[in-house]
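Working notes for the structure below.
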Amino acid sequence: MRFLKPLFDFYLNSSIHVGIEVCCFVLITCFRFELPLDQNFLGFVFFGTITGYNFIKYAGVAKLHHRSLATHLKLIQVFSFFCFLALVFFVFQLSLQTLFFAAFFGLFTVFYAVPVFPGKKNLRNLKGIKIFVIAFVVAGLTVFVPFVNHHMSVDFSIWEVFLQRFLFIIAVLIPFEIRDLDFDEAELGTIPQKIGERNAKILGVFLLVAFVGLEFLKPETIVAGTVSTVVIGLVSAGFILFSRRHQSEYYASFWVEAIPIFWALLFWSTGRFFI
């Protein structure tokens, strides 16, 4: 166990878990619309997520303490560098059109960490928008870009799935904002800071009700999509309601982050059952 815990912590801290999570969002889009699975695009999303997320998390730390970084942070730096090299490889496997649209969402990742606004502020520091930027980037990258990658047009049904995904991501980020209440600066204006922990949970559940409700407004009913959406909505609501300011170590960073992984597995297995 002493050996496994450091490995597990590295798995989480190096953002491998987040990379898998975002790839699962892509898979859900492909399952729903019966898009072919493009391994090059999945590789691009996986390594791009790790590179971008680690840049956001650790760039400031590395700049300030690069000579005295703890061993695990140095390992993450090295790991992130190799992920970046893998990202470069997959960049050359994709079309310019795919890269252009992916770069559009990627710019938000850069602006999230780099101060480009007056007062040396970045998107993260602009009051009250952090959670919406994350939801917009992840939803856009995992809903719109797969269609661009297959040279397919975007119609109303895809916009509806984007809205669903956007609402879902905002909802499941609330446990993270509740966890960080004791650490986030007041000027960030996170949802729990603005309306309180209890009201933030109510808002999260309301967003999930809208997320599930949109499923029943779609012109075509996909059994696997409907079943998995309802189940995931209930599971996510439970995680939101039971979230606390003082959570267990892996409550948000592993279990909540794992919800899209469970969603993709549920969608795939349910789809096979109803074939």
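The values are calculated or read from the model by the stated rules, or taken from the named source; none is laboratory data. All of these numbers come straight from a predicted model, not from anything done at the bench. We place every Cβ from the backbone using ideal geometry, glycine too, and count neighbours over all the protein chains shown. These area figures cover heavy atoms from the full protein model, side chains too; ligands, DNA and RNA do not enter into them. Shrake-Rupley method; radii C 1.70, N 1.55, O 1.52, S 1.80 Å.
General observations
- Taken over region 213-254, the ratio of Cα radius of gyration to 2.2 N^0.38 Å equals 1.56.
- Cβ-based charge dipole, the chain, positive-most Cα from T98, I56, V145: I56
- The stretch between F89 and L163, if pulled fully straight at 0.36 nm per residue, gains 23.5 nm over its current Cα-Cα span.
- Largest accessible area first, the listed residues H17, H72, H150 line up as H72, H150, H17 when surface is computed with a 1.4 Å probe on the assembled protein chains.
- Residue of F162, F82, F47 that the Gaussian network model of the chain assigns the largest fluctuation, springs spanning Cα pairs under 10 Å: F82
- Pairs from K5/K74; K194/K218; K5/K201; K57/K218; K127/K201; K74/K201 whose Cα-Cα separation, in the structure shown, is over 28 Å: K194/K218; K5/K201; K57/K218; K74/K201
- Viscosity 0.890 mPa s, 25 °C: Kirkwood-radius Stokes-Einstein D of the chain over Cα pairs, µm²/s: 125
- Kirkwood Rh (inverse of mean 1/r, distinct Cα pairs), region 141-275, angstrom: 16.1
- Among R32, R245, R198, the order of accessible area from largest down is R198, R245, R32, computed with a 1.4 Å probe on protein heavy atoms.
- The protection proxy used here, the mean number of other Cβ atoms lying within 10 Å of each residue, ranks peptides 251-261, 92-102 as follows, highest first: 251-261, 92-102.
- With a Förster radius of 35 Å applied to the C-beta separation of F262 and A186, the computed FRET efficiency comes to 0.55.
- Listed peptides 132-143, 222-233 appear in the order 132-143, 222-233 once ranked by packing, highest mean of other Cβ atoms within 10 Å at the front.
- Surface share of carbon and sulfur [accessible, 1.4 angstrom probe, percent] for the chain: 71
- Spin-label model distance (nm) - S153 vs Y250, 7 Å beyond Cα toward Cβ: 4.8
- Think of each Lys and Arg Cβ as +1 and each Asp and Glu Cβ as -1; about the Cα centre, that makes the dipole of the chain roughly 740 debye.
- Phi angles across region 143-149 convert, under the Karplus curve 6.51 cos²θ - 1.76 cosθ + 1.60 with θ = phi - 60°, into 3J(HN,Hα) values of 10, 6, 5, x, 6, 4, 4 Hz, Gly and Pro given as x.
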